[in-house]
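S.K.: Okay, here's the structure, questions in a sec.
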Amino acid sequence: MDLALLFRLPEGLRLLRLTVLPQIVRVEAASYRSSSRCPSCQTVSERIHSYYTRTLADVPCSSRRVVLDLHVRKFRCTNARCPQRVFTERFPDFVRPKARKTLRVGELIRALGLALGGRGAQRLARLLGISASGRTVLRSVMREEAATASRGVRILGVDDFAFRRSYRYGTLLMDLEQRRVIDLLPDRTQGTLTDWLQRHPDVRIMSRDRGGDYAAAARASAPSVEQVADRFHLLLNAGEVVERYLTRQHASLREAARALASEDAPRRTTKRSPTDMRRRQERRAARLARFEQVRALSREGVAARQIAEETGVARATIYRYLSATHFPEHLPRQHERPIEPSIPSLQERWNAGEHRPLTLWREIHAQGYPAGVAQVRRLVMAWRTPPPAPRIAGSPLPAKEEAISYSVRQTRWLLTKPQAALSVREALYLTTLKQLCPAVAEAQRLLASFHSLITERASARLDGWLEQCEHSSIAEVVRFALGLRRDDAAVRAALRYPWSQGPVEGQINRLKLLKRQMYGRAGFALLRQRLLAQPTLPP
């Protein structure tokens, strides 16, 4: 077998000797070409000046480091006008001049750096048998400029990402036809995107979320570009409108939840130590103080942005505080337990006289209940509270319904669920809430019709829906309709074209992964290089 084929030596080199050591494979090779070309004047020369040996690191073999001793020559240039009198023999497809590693090792190190960053690639390279420091890896990543789109981008996707949330943002640009990232911009200002669009006049359609800066940039630099609003963000904004309205109706939500259960109904609680209770009270007092401070600054005429800078509270929280009629309490999270679907049958069996938790568990386990007997025991203990009045001996204790409260966000998602998907308790809660606050039914109807309009892309129904919103009694819905009117062309384009921000959001998730791999300490140049460059492994 020709060992030169095994190590894939380029044309012009022959294998002289192979030495296998426990940790290293040493390969000795020499050039057999009779002439070489001068790199300055391209003159072919056969006049040998001297010989020397280059020591190169090559790709590992069976986790052993491969060291290549390459015997090459120096030639004299025969062109009297050439400024370079002596030159070394070159192998441009195998190793760079003055390099200590072959090109294929450099490509492998660069691919590891693009995938893992500096230190991660260093650790993996050591396991593979390649010696490279983290700085060497980063230099190989930054050596070649990542290719960006020059021309030919027709369908553009634009979205922002956070370097540091609420402080500094950048912009990601994606070719939606080719489904690849084409550029990364250091900020999300109108001027930066305007300059980019002016350098790329081939863009015909731009998909975006509902941010104003990107829309203004497209109108200023390329009025012919057709803008497409993202359908997911339209539905998300509609849900947020309903959530803002429900925040103002927080008292009605609590009253509706309280009306579902009797006064002596057991409540789902978590045992807390006195220290935990004291900390909860301290946190509530701090939130209440911030709430009152924000409201006081707003009454003095201070803008929301200035309030955020002065108090350190997020602007979304400030808007929520300003729209609330009273202090919004933090409700405990109450996730649906596996036992929830089995509670009606357990109540029926309890009222029929079966009070043994193990027997009740066996019955629902045979029906498909996946968990153990512990949840059944906790539920039954709540039902075993003594009745308020004497009872006839042998009569069963009535099973009591647990009192459960629903947060604003939980209520918002309940309003979006189909009626058939609601549990009996959830349906009763929504019915009670609509009786206490009839405008909730109007908000649910408008939200459901908007969801149907977007998913079915029924642009013919958009005008009628907007008119209903403009005559609504809910101020948040009216403002949402006015915002859609201002962005009417992009909203209608969203119902006409298939393009959306889905692929762009996926690439932003990839960007977040790269950021977290580098612990947020890498600069914009390295982040852009790793996102745009496509790693190429050696053949």
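S.K.: Please pick out the residue among ARG409, ARG362 that is modelled with pLDDT of 85 or more and within 28 Å of GLY239 (Cβ to Cβ).
M.R.: None of the others qualify; the one that does is ARG409.
Here's the yes/no breakdown for (1) at pLDDT 90 or above; (2) in contact with a Gly (Cβ under 9 Å, 6 or more places away or on another chain); (3) closer than 30 Å to PHE7 by Cβ; (4) crowded, with 22+ Cβ neighbours inside 10 Å:
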position: ALA115; (1), (2), (3), (4): no, no, yes, no
position: ARG126; (1), (2), (3), (4): no, no, yes, no
position: GLU144; (1), (2), (3), (4): no, no, yes, no
position: ALA147; (1), (2), (3), (4): no, no, no, no
position: ARG151; (1), (2), (3), (4): no, no, no, no
position: TYR167; (1), (2), (3), (4): no, no, no, no
position: VAL181; (1), (2), (3), (4): yes, no, no, yes
position: PRO186; (1), (2), (3), (4): yes, yes, no, no
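S.K.: Please go through (1) in contact (Cβ under 8 Å) with a residue 24 or more places away in the chain; (2) closer than 23 Å to ASP69 by Cα; (3) hydrophobic (A, V, I, L, M, F, W, C) for ALA115 and return the number of the only condition it doesn't satisfy.
M.R.: Evaluating ALA115 over (1) in contact (Cβ under 8 Å) with a residue 24 or more places away in the chain; (2) closer than 23 Å to ASP69 by Cα; (3) hydrophobic (A, V, I, L, M, F, W, C) leaves (2) as the failure.
S.K.: Of the numbered conditions (1) at pLDDT 85 or above; (2) assigned to a loop (DSSP other than H, G, I, E, B); (3) among the hydroxyl-bearing types (Ser, Thr, Tyr), THR325 satisfies every one except a single condition; which is it?
M.R.: Of (1) at pLDDT 85 or above; (2) assigned to a loop (DSSP other than H, G, I, E, B); (3) among the hydroxyl-bearing types (Ser, Thr, Tyr), only one is false for THR325: (1).
S.K.: Give ARG486, ARG496, ARG521 a once-over and let me know the one that is basic (Lys, Arg), modelled with pLDDT of 90 or more and out of contact with any Ser or Thr (no Cβ under 7 Å at 6 or more places or on another chain).
M.R.: Every option except ARG486 fails the conditions.
S.K.: Go through segment 94-138 and report how many residues are in a loop (DSSP other than H, G, I, E, B) and either under 16 Å from TYR519 (Cβ atoms) or not polar (S, T, N, Q) (or both).
M.R.: Number satisfying all stated conditions: 9.
S.K.: Something else about it: Six or more apart or on different chains, Cβ under 8 Å: which pairs go from a residue in segment 253-281 that's under 23 Å from HIS326 (Cα atoms) to one that's at pLDDT 80 or above and loosely packed, with under 13 Cβ neighbours inside 10 Å? Could you list them?
M.R.: Cβ pairs passing all conditions: none.
S.K.: Against the condition closer than 28 Å to ILE130 by Cα and among the basic types (Lys, Arg), how does ARG64 come out, does it pass?
M.R.: yes
S.K.: Can you give me the ranges of the helices (runs of 4 or more DSSP H) entirely in segment 400-488 with at least 1 residues that are within 30 Å of ALA382 (Cβ to Cβ) and within 33 Å of the chain's Cα centre (by Cα)?
M.R.: 408-416, 424-436
S.K.: What about GLY353, is it more than 39 Å from the chain's Cα centre (by Cα), small (Gly, Ala, Ser), assigned to a loop (DSSP other than H, G, I, E, B) and not assigned by TED's automatic domain parsing to the domain that holds SER423?
M.R.: yes
S.K.: Based on this model, can you work out whether ALA30 counts as in contact (Cβ under 8 Å) with a residue 40 or more places away in the chain, surrounded by 15 or more Cβ atoms within 10 Å (Cβ to Cβ), more than 22 Å from SER131 (Cα to Cα) and of a type in the set (A, V, I, L, M, F, W, C)?
M.R.: Yes, satisfied.
S.K.: Still on this structure, please answer the following. Please go through segment 165-192 and pick out each residue that is of a type in the set (A, V, I, L, M, F, W, C) and not in a strand (DSSP E or B).
M.R.: LEU176
S.K.: Another question, then. If you check VAL241 against the conditions, is it modelled with pLDDT of 90 or more, surrounded by 21 or more Cβ atoms within 10 Å (Cβ to Cβ) and in the same structural domain as CYS469 (by TED's automatic domain parsing)?
M.R.: yes
S.K.: Something else about it: If you check GLU470 against the conditions, is it in contact (Cβ under 8 Å) with a residue 60 or more places away in the chain and not assigned by TED's automatic domain parsing to the domain that holds SER207?
M.R.: No: the conditions fail for GLU470.
S.K.: From ALA525, ALA494, grab the single residue that is surrounded by 18 or more Cβ atoms within 10 Å (Cβ to Cβ), part of a helix (DSSP H, G or I) and in contact (Cβ under 8 Å) with a residue 12 or more places away in the chain.
M.R.: ALA494
S.K.: Kindly check whether there is at least one residue in segment 261-268 that is at pLDDT 75 or above and either more than 16 Å from GLU329 (Cβ to Cβ) or among the basic types (Lys, Arg) (or both).
M.R.: no
S.K.: Given the options VAL491, VAL478, VAL504, VAL424, name the one that is under 30 Å from GLN410 (Cβ atoms) and modelled with pLDDT under 90.
M.R.: That would be VAL424, the only listed residue that is under 30 Å from GLN410 (Cβ atoms) and modelled with pLDDT under 90.
S.K.: Touching an Asp or Glu at 6+ places or on another chain (Cβ under 8 Å) and surrounded by fewer than 15 Cβ atoms within 10 Å (Cβ to Cβ) - does that describe any residue in segment 57-70?
M.R.: No, there is no match, as no residue in segment 57-70 is touching an Asp or Glu at 6+ places or on another chain (Cβ under 8 Å) and surrounded by fewer than 15 Cβ atoms within 10 Å (Cβ to Cβ).
S.K.: Report, by residue number, each residue of segment 192-223 that is small (Gly, Ala, Ser) and closer than 23 Å to LEU531 by Cα.
M.R.: Passing the criteria: only SER207.
S.K.: Residue under question is ALA80, and the condition is that it be surrounded by 15 or more Cβ atoms within 10 Å (Cβ to Cβ) and not charged (D, E, K, R); does it hold?
M.R.: no
S.K.: Does segment 193-206 contain at least one residue that is in contact (Cβ under 8 Å) with a residue 60 or more places away in the chain and in a helix (DSSP H, G or I)?
M.R.: So far as segment 193-206 goes, no, none of its residues is in contact (Cβ under 8 Å) with a residue 60 or more places away in the chain and in a helix (DSSP H, G or I).
The values are calculated or read from the model by the stated rules, or taken from the named source; none is laboratory data. Small disclaimer: the values here were computed from a predicted structure and weren't measured. Using ideal geometry, Cβ is built from the backbone for each residue, glycine included, and neighbour counts are taken over all protein chains shown.
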